[in-house]
Amino acid sequence: MNIAQSIVDDLGRRIVRGELHAGGPALIEQDIVSEFGASRNVVREAVKTLAAKNLVRSERRVGTIVQPPQEWNLLDPQVIEWMLSEESTHETLLSALSELRLIFEPEAAALAARRATSRQILRLFDCFEQMQHYAEDPKRAIEHDVLFHEALLDACGNPLLRSLNHSISLLLRANFKLSIQVDNAFIRNLEDHGFIAEAIRDREPEKARQAVITLLRKNQLDIDSMQPSGNRQ
């Protein structure tokens, strides 16, 4: 990690953690230069990177202003990584993921049932078979589960949904690492992936849509069961 990346990582984590927050003092370029022992050009490069993630904005004669959380680019992989690593933002982010998946994944499956190529359908079944093969190996099972959902978004034929794949995959790994801790959760939910693949193969959009909804609801119940009763919705 070079010095500019190190500054981005350090300041980004502080912002997500709330140590640097909207409404707080502006970040002064000279203070950052002094703290990190970096040149002004390096600091400016780091600030531009944070601004591209909508974590900060720069104002002349004021300095660098921290943006409120609602302005952050929550699909930026690095922002996701920082938020998942913080206890204060981890649960909120995974809850938002569950809602987001219910919005787009059933429709992505319905689209895939109409548009998927033979190669894409084979990839779905290959991922499902690997999930079955590694059902007793949580690390590999999670990886193939993520690959299954990546293949689903790829098969829907929508370039905007496909572009979400990398960001969504980071969140899915965190989600599955949590949900797989529930007794037999992975085994109980395994066959639903087969139902999704079969519905897409058989060109049945509504069946594919409902199979995804069933899977997502089970996943949410597993996640909810791990939360203290006071935190459940």
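The values are calculated or read from the model by the stated rules, or taken from the named source; none is laboratory data. The shown structure was predicted, so the numbers you read here are calculated from the model rather than taken from an experiment. Don't worry about glycine lacking a Cβ; one is built from the backbone with ideal geometry, like all the others, and counts go over all protein chains shown.
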| request: Name every residue in region 148-201 that is in contact (Cβ under 8 Å) with a residue 12 or more places away in the chain and outside any helix (DSSP H, G or I), in order of residue number. | output: CYS156, GLY157, ASN158, LEU164, ILE180, GLN181, VAL182
| note | Output for Cβ contacts, cut-off 9 Å, separation at least six or different chains, first residue under 20 Å from LEU100 (Cα atoms) in region 60-89, second assigned to a helix (DSSP H, G or I) and among the aromatic types (Phe, Trp, Tyr), reads THR89/TRP82
| message | With the requirement that a residue be of a type in the set (D, E, K, R) and without any contact (Cβ under 8 Å) to a residue 24 or more places away in the chain, what does region 106-132 give you? | response | ARG119, ASP126, GLU129
| Filter region 108-138 for residues that are of a type in the set (Ser, Thr, Tyr) and modelled with pLDDT of 95 or more; which is surrounded by the fewest Cβ atoms within 10 Å (Cβ to Cβ)? | SER118
| Regarding PRO68, is this residue over 26 Å from the mean Cα position of the chain (by Cα) and either crowded, with 19+ Cβ neighbours inside 10 Å or on the phi < 0 side of the Ramachandran plot (or both)? | no
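Residue-by-condition table, conditions (1) within 21 Å of the chain's Cα centre (by Cα); (2) modelled with pLDDT under 95; (3) surrounded by 13 or more Cβ atoms within 10 Å (Cβ to Cβ); (4) over 30 Å from SER225 (Cβ atoms):
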site	(1), (2), (3), (4)
GLY12	yes, no, yes, yes
PHE36	no, no, yes, yes
VAL42	no, no, yes, yes
THR64	no, yes, yes, yes
PRO106	yes, no, yes, no
| note | Checked region 14-34 for anything closer than 21 Å to SER85 by Cα, in contact (Cβ under 8 Å) with a residue 40 or more places away in the chain and surrounded by fewer than 16 Cβ atoms within 10 Å (Cβ to Cβ); matches are GLY18, HIS21, ALA22
| Which of the residues that make up region 148-169 are surrounded by fewer than 18 Cβ atoms within 10 Å (Cβ to Cβ), under 14 Å from the mean Cα position of the chain (by Cα) and among the aliphatic types (A, V, I, L, M)? | LEU164
| task | Taking ARG115 as the residue in question, decide whether it is within 16 Å of GLU198 (Cα to Cα) and in the same structural domain as THR214 (by TED's automatic domain parsing). | result | yes
